Structure formats: structure tokens, C-alpha cells
Amino acid sequence: MPPFSNNLSSLPGPIGVFDSGYGGLTVLREIMSLMPGYDYLYLGDNARAPYGSRSFECVYEFTRQCVGRLFSMGCHLVVLACNTASAKALRTIQQHDLPLIDPHRRVLGVVRPTAESIGHLSQTAHVGIVATQGTIRSHTYQMEIAKFWPHLQVTGEACPMWVPLVENNEHLSAGADYFVQRHLDNLMRRDPLIDTLLLGCTHYPLLLTKIRRFLPSTVKVMAQGGYVARSLSDYLNRHPEMESRITCGGTARFLTTEQADAFSQNASLFLGHPVQAEHITL
Ligand code: DGL
């Protein structure tokens, strides 16, 4: 696999947003709504989604390739709008790859902004996390939450069918009910004191109506988009040197490793306005 290009432009560029597929659009939507003035470049690796059941090495390699592409297209700052990639690839990219490519480029994830905030929501100090197998098995959330909220009891439930339901546009179908209910029942059985449920996968907000239907009404649901957007805004305020490397045309461009037409159609549904995606090969 080729390394990151070392011919990277130093000219300002868009903010890169990466996900294995459509899920990162739920984060991009919140980022764009909070900071509409910047340019954005979204990359969905739909051809290789889902990432959730893949090995550490595989998620790292795929994520590294996608980040490399976003850098080579002018991004200085990339948000991994994917929990699986944030849990399994972010640290290695930050510690191993970035110093070799360009120590001034940045890759940020979605786990930390969420972990920082979750303790504000729970009264019982019992929280649940639904996420992909990869995110749950990595224990990243337990470790990150413990840094900020050591008293919280965290119970994770892997939901391996939820991402395929979204990627295949079946998330609103009656068939999805079975898988949503099964995992939420499992989770609440394991810890009935849970009063806050974190959607630890950026695809899951698309299942929100069903999730609410099958949860006790006392349980609050935490989707990540807003927290990630506010954390990014805060980061840019604290790092004017990075802010000056972002172009401000108010545009969004969408890339997918799968068929552009299908992406455009689904992305328009998720974002609520028409989108014209472009196909790329990595
Ligand atoms: N949106 C990704 C996440 O937040 C989905 C992972 C997958 O492709 O399985 O984890």
C-alpha cells in the first residue's frame, strides 16, 4: 500500500470528514449547521463498509488510506466521523503516521468529545453504549469515560446488524424492529439502572425513532453529532493556526468509493437537501 503522499499542498483546504459509509453524514450535518462558513470534503468508504466487524489492522489500513486521500485533496484537518475508526485507528494515525507526513496536519475523532460530555446527562451514574462489535470490543469508551467520569458504570452492547440496515436503506423497515428491540432489551436486562444511552456509532441516529420506541421512556438517548460539532468549534477557536488553513466558501463536496448515484440519493435523504456525489478509487 502506498504511504501518504509527501507532495502535500500547503495551501488552505476544506475540512475533511470521513466515515465507512453514510453514518458520518449525521455528524457532518451538525458540523455544517454550527459552522456553515467553512468548506467540507466528505469521504464515505461505502465499498468496504461496514468496518465494525473488521480487524484492528484492517480498520487502521482502510482509515489510513482514506485520511491520506483527504490530505492529498487539500485537507489539513480530518474528522474521523466513525467510532470504529476512532476506536481502532485514530491513535496509531496520530502517533505513528502524522509525524511522518506533516506534524502540522490533524486528525480528530468522535470518542473523546462524547466521553467528555456523557457524565452530565446521567442521574443514576449508569450509562449504556450501543456500538459496532469493533468499538465495543476495543473498550475505548470505557477507558475514555473513566478519565472524565470514574464513577460511571458503563455497559456496552454490540449491535452488528444495525450498520448493514442503514447502509442498505432498511433502517425504517418493519424488519429492522427485531434487531433494534433485541439489542436494547439485552442491554437493559444487563443493567436496568441505565438512564442514558449513547449511540456510539454515527450510523445509529438514523434508527432513532425505533430506538426510542423500544427503550423505557426514562432513558435519555445521546447522539454524538452535536457534541462533536461543538468540540470541533472549540478546537478551532483554540487553534487559530489551523483555522487559517481552512477555506471558507460554505461548500460541501461528497466522495464515495461505491456508486455515486446511490450515494447521492441516500445522502440527500440523510441531509435533507440534494447532493451530487463523486466516485473515487483509493
Ligand atoms: N459509522 C461507523 C461508526 O461510527 C460505522 C462503522 C461500520 O462501518 O461498521 O462506528
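The values are calculated or read from the model by the stated rules, or taken from the named source; none is laboratory data. Small disclaimer: the values here were computed from a predicted structure and weren't measured. No Cβ is skipped: glycine too gets one built from the backbone with ideal geometry, and neighbour counts run over all protein chains shown. When the accessible area is computed, the model is the full protein with side chains, heavy atoms only, and any ligands, DNA or RNA have been set aside. Shrake-Rupley method; radii C 1.70, N 1.55, O 1.52, S 1.80 Å.
Looking for something under 18 Å from Thr247 (Cα atoms), in contact with a helix residue (DSSP H, G or I) (Cβ under 6 Å, 6 or more places away or on another chain) and surrounded by 18 or more Cβ atoms within 10 Å (Cβ to Cβ) - is there at least one such residue anywhere in segment 4-15? Yes, segment 4-15 has at least one match. Set side by side, the residues Ala85, Ala89 differ, and just one is within 14 Å of the ligand (Cβ to nearest atom), touching a residue at least 60 places away in the same chain (Cβ under 8 Å) and closer than 22 Å to Cys201 by Cβ, which is Ala85.
Selection of first residues in segment 221-233 that are within 9 Å of Met35 (Cα to Cα) and of second residues that are crowded, with 20+ Cβ neighbours inside 10 Å and among the hydrophobic types (A, V, I, L, M, F, W, C), restricted to Cβ pairs under 6 Å at least 6 apart or on distinct chains, gives the following pairs, ordered by first then second residue: Ala229/Ile31. The set of residues in segment 161-179 that are in contact (Cβ under 8 Å) with a residue 40 or more places away in the chain and not in a helix (DSSP H, G or I) contains only Asn169.
Quick one: in segment 94-117, of everything that is assigned to a helix (DSSP H, G or I) and within 16 Å of the ligand (Cβ to nearest atom), which residue is farthest from Tyr38 (Cα to Cα)? So that I can check it myself, show each step before the final result.
Of all residues in segment 94-117, those assigned to a helix (DSSP H, G or I) come to 94-101, 111-117.
So of that shortlist, the ones also within 16 Å of the ligand (Cβ to nearest atom) come out as 111-115.
Details: Val111: 23, Arg112: 23, Pro113: 20, Thr114: 23, Ala115: 26 Å.
For segment 94-117, the residue satisfying everything is Ala115.
Annotation note: of Phe71, Phe62, the sole residue that is farther than 16 Å from Gly200 by Cα, more than 15 Å from the ligand (Cβ to nearest atom), part of a helix (DSSP H, G or I) and not polar (S, T, N, Q) is Phe71. Taken over segment 118-159, the residue count meeting the criterion of being surrounded by 16 or more Cβ atoms within 10 Å (Cβ to Cβ) and assigned to a loop (DSSP other than H, G, I, E, B) is 6. The set of residues in segment 193-220 that are within 13 Å of Gly156 (Cα to Cα) and either acidic (Asp, Glu) or away from the ligand (no atom under 16 Å from the Cβ) (or both) comprises Ile194, Thr196.
The residue of segment 26-48 that is nearest to the chain's Cα centre (by Cα), among those that are modelled with pLDDT of 95 or more, closer than 16 Å to Val228 by Cβ and in a helix (DSSP H, G or I), is Val27. If you filter segment 160-178 down to residues that are within 21 Å of Phe263 (Cβ to Cβ) and of a type outside the set (A, V, I, L, M, F, W, C), you find that the one that is least open to solvent (accessible area, probe 1.4 Å) is His171. Looking at the structure I just gave you, is Glu241 among the acidic types (Asp, Glu) and closer than 23 Å to Asn169 by Cα? Spelling it out, it is not the case that Glu241 is among the acidic types (Asp, Glu) and closer than 23 Å to Asn169 by Cα.
Looking across segment 161-181, the residues that are at pLDDT 95 or above and either under 19 Å from Met222 (Cα atoms) or in contact with a Leu (Cβ under 6 Å, 6 or more places away or on another chain) (or both) come down to Trp162, Ala176, Val180, Gln181.
For segment 34-59, give me each residue that is within 26 Å of Arg245 (Cα to Cα) and either surrounded by fewer than 21 Cβ atoms within 10 Å (Cβ to Cβ) or within 12 Å of the ligand (Cβ to nearest atom) (or both).
Those that are within 26 Å of Arg245 (Cα to Cα) and either surrounded by fewer than 21 Cβ atoms within 10 Å (Cβ to Cβ) or within 12 Å of the ligand (Cβ to nearest atom) (or both): Leu34, Met35, Pro36, Gly37, Tyr38, Asp39, Gly44, Asp45.
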